[in-house]
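The structure appears right after this line, and notes come after that.
The values are calculated or read from the model by the stated rules, or taken from the named source; none is laboratory data. It should be emphasised that the depicted structure is a prediction, and the values quoted were computed from it without experimental measurement. Virtual Cβ from ideal backbone geometry, glycine too; neighbours counted across all protein chains shown. In case anyone asks, the SASA skips ligands and DNA or RNA and just uses the protein heavy atoms, side chains included. Shrake-Rupley method; radii C 1.70, N 1.55, O 1.52, S 1.80 Å.
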Amino acid sequence: MPAQIIQTNNTPFNKIAIDPVTLDIIENALRNARIEMDATLVRTAMSPGIREQGDAFPLIADHTGKMIVGQFGSFIGGFLDNFEGTLEDGDMIFLSDPYSCAGAVSHSNDWLVLLPVFKDGRLIAFTSMFGHQSDIGGKVVGSMPINARSIFEEGVRIPPVKIWKKGEYNDDLMKLVMHQTRKPDWCQADLNALIASCRVAARRVIEMATRFGDDVYISATQELLARNHRAMKSLIAMAIGEEPVSFEDYICDDGMGAGPYKIKCTMWREGEKVVLDFAGTDPQSQASINFLLNENMFKMFFGIYMIMVFDPQILFNDGFYDLIDVRIPDGSLLKPKFPAALSGRTHALGRIFDILGGLLGQKTPEFLNAAGFSSSPHVFYSGNDKKGDWFQLFQIGFGGIPGRPMGDGPDGHSLWPGFTNVPNEFLERYFPLLIERYETEPDSGGAGLHRGGNGIHMTYRFLAAGTISIHDDRWFVPPWGVNGGEPGKRARKILEKADGTSQIIGNKVEDVHVEEGDQLHFITWGGGGWGDALDRDPALVGKEIVQGLVTVEGAKAYGVIANANGDVDADATEALRSRLRQTRGELPLFNYGPGIETLRANCETETGLKAPVQPVWTTLEAAE
């Protein structure tokens, strides 16, 4: 039964023609309101993940629930169709359970707040924000157990409930929820920040409607949606053909010894619509790497990617959703069945962007991106400091962004453009550790005309005994290059003990004990390269040697002979490039590196880790 909207004024809105100046003012006012939501959040939250890194996602929607500005796309239509209750002025919805909102949030760490905005008795908008909570209880610190077999092991699950009802705060509900977390102070502050952000945006919407009139405001939001629809319709016709194209990539492992897991998507156009079909994706995992992919969320991913590659000036919103048909098989890695574990869905989420890049560029290779969005590395560190006080760190790391048509991939950057690093000074002030190194990993970006972004080498020295956990990927299957570019280097993690011994540890590990003086070398993957590396300007390669982005040995991948000062030997470079061109074959459109079986055979030698074994599913799972 759909939600019942309680309005005291049921007068319908009138459609009004909007002049371009008014539309531009309202559009930019909405953009600014979205920015103000972010600013309110980071000034109010307490956890490093939200306060310092910005791991939260705002949304302002129209009166029907379609996103006008935001990042992840709107879940509100699906929520309204399935919420068995009323929504009225003074209500606010709170939820975190992915299965109760069809994956609008994709693991229970994401707490979401939804505020219906009323003016003069009529619903005129929705504002929403969700953010990653550093701990929601469950079996491990940080609430992201690698070996979880069901979502019940991953912490508190919150179905859609009213945190505010007719203006009254549900204090008992909050006491119950906060009682489940190891960090109630952080969680309460972060939740208050989400609420404050939604209220700020609601005020701005009401101010706009008051200034221009309700009918003008509503008509402007509808025109923004219609404009996006027209633009996306044109982009789809230009960039996507009727002949199906497919692409597949792999999550390296599940942290339990099995892998890799395939994600496959096939794309084609039917008339003015594009179909994206994930048939051929592996069945769901028994571990927590499943990703409950909301269809509208993926439509937004697709739209963002199209717009960023082909026309970055377009304001992306939900106006184009009817132009996209997303098909995800039930029981697959991307649509697991309840109660499958979901906390480690980050790797599949990142891989979706790599797959989009591989799909969208096949018709127009000049627009191809290499691989490198790939994942969102996490590190956890917890214990009791020397005073006996509990500490708990959750931090997101960054890999190398792929080489692109317009230039090199950024070094050590998040796949989400709005994310920032946690300042080292903050880490050293609030946690018992020192950051001994924080720099790019030279040569980790794939060689190309446009170099893939380098990964990050971050060294933590622990000043108190405790436990660490790591969530990362791209350690087994490298990030591929395109248009002749080389793959990026893979991730690795090294634990150097205080006694001088060291060991390679996995990229998905849990509850690893560390002592005072131990060091963790947290090294992430580089992005794949774009284009022929032998066409890169030798002087630029020499400059990057000086900058520490490329080594003297690594410069040879570009056919460049130079010294440590970056001085290029022009004659030797020309001779080397000539030999390389003569001995290599035709440059591939996609350079994946070795095949899976070769990677398995060489895994322990190359990575120091045992190769993951092929996942095994029951006949029923495989059929589904």
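From the list 193, 202, the lone residue that is at pLDDT 95 or above, aliphatic (A, V, I, L, M), farther than 30 Å from residue 152 by Cβ and in contact with a Leu (Cβ under 6 Å, 6 or more places away or on another chain) is 202.
In segment 255-309, of all residues being in a strand (DSSP E or B) and hydrophobic (A, V, I, L, M, F, W, C), the one that is nearest to residue 347 (Cα to Cα) corresponds to 263. Of everything in segment 45-68 that is farther than 30 Å from residue 214 by Cβ and not hydrophobic (A, V, I, L, M, F, W, C), the residue that is most open to solvent (accessible area, probe 1.4 Å) is 51. Residue count for segment 411-426 satisfying the condition of being in contact (Cβ under 8 Å) with a residue 40 or more places away in the chain and over 16 Å from the mean Cα position of the chain (by Cα): 4. Among the residues making up segment 342-375, a single one is over 17 Å from residue 491 (Cα atoms), among the basic types (Lys, Arg) and modelled with pLDDT of 90 or more: 345. Please go through segment 361-378 and pick out each residue that is hydrophobic (A, V, I, L, M, F, W, C) and open to solvent by 10 Å² or more (accessible area, probe 1.4 Å). Scanning segment 361-378 gives 367, 373. In segment 379-390, of all residues being more than 18 Å from residue 522 (Cβ to Cβ) and touching a residue at least 24 places away in the same chain (Cβ under 8 Å), the one that is least open to solvent (accessible area, probe 1.4 Å) corresponds to 385. Residue 38 passes every criterion in (1) over 22 Å from residue 394 (Cβ atoms); (2) outside any loop (DSSP other than H, G, I, E, B); (3) touching a residue at least 12 places away in the same chain (Cβ under 8 Å) apart from (1). State whether one or more residues within segment 175-189 are open to solvent by 80 Å² or more (accessible area, probe 1.4 Å), closer than 24 Å to residue 394 by Cβ, at pLDDT 95 or above and part of a helix (DSSP H, G or I). Scanning segment 175-189 turns up at least one residue that is open to solvent by 80 Å² or more (accessible area, probe 1.4 Å), closer than 24 Å to residue 394 by Cβ, at pLDDT 95 or above and part of a helix (DSSP H, G or I). Of the set (1) more than 18 Å from the chain's Cα centre (by Cα); (2) surrounded by 24 or more Cβ atoms within 10 Å (Cβ to Cβ); (3) among the hydrophobic types (A, V, I, L, M, F, W, C); (4) not in a helix (DSSP H, G or I), all apply to residue 123 but (2). Looking at this structure, is residue 394 open to solvent by less than 10 Å² (accessible area, probe 1.4 Å) and either out of contact with any strand residue (DSSP E or B) (no Cβ under 7 Å at 6 or more places or on another chain) or part of a strand (DSSP E or B) (or both)? For residue 394, the condition - open to solvent by less than 10 Å² (accessible area, probe 1.4 Å) and either out of contact with any strand residue (DSSP E or B) (no Cβ under 7 Å at 6 or more places or on another chain) or part of a strand (DSSP E or B) (or both) - is met. Tallying residues that are closer than 20 Å to residue 450 by Cα and either modelled with pLDDT of 95 or more or in a loop (DSSP other than H, G, I, E, B) (or both) within segment 408-422 yields 8. One residue alone among 122, 203, 199 is without any contact (Cβ under 8 Å) to a residue 12 or more places away in the chain and under 27 Å from residue 217 (Cα atoms), and that residue is 203. The set of residues in segment 533-552 being within 21 Å of residue 484 (Cβ to Cβ), in contact (Cβ under 8 Å) with a residue 12 or more places away in the chain and open to solvent by 20 Å² or more (accessible area, probe 1.4 Å) consists of 535, 538, 539, 549.
The single condition among (1) open to solvent by 10 Å² or more (accessible area, probe 1.4 Å); (2) in contact with an Asp or Glu (Cβ under 9 Å, 6 or more places away or on another chain) that residue 216 does not meet is (2). When the test is whether a residue is open to solvent by 30 Å² or more (accessible area, probe 1.4 Å) and not hydroxyl-bearing (Ser, Thr, Tyr), residue 434 passes it.
Inclusion of residue 210 among residues that are open to solvent by 40 Å² or more (accessible area, probe 1.4 Å), over 16 Å from residue 23 (Cβ atoms) and either in contact with a Leu (Cβ under 9 Å, 6 or more places away or on another chain) or at pLDDT 95 or above (or both) is warranted. Would you mind stating whether residue 131 is over 19 Å from residue 65 (Cα atoms) and either open to solvent by 10 Å² or more (accessible area, probe 1.4 Å) or not in a loop (DSSP other than H, G, I, E, B) (or both)? Considered against the rule, which asks whether it is over 19 Å from residue 65 (Cα atoms) and either open to solvent by 10 Å² or more (accessible area, probe 1.4 Å) or not in a loop (DSSP other than H, G, I, E, B) (or both), residue 131 comes out as yes.
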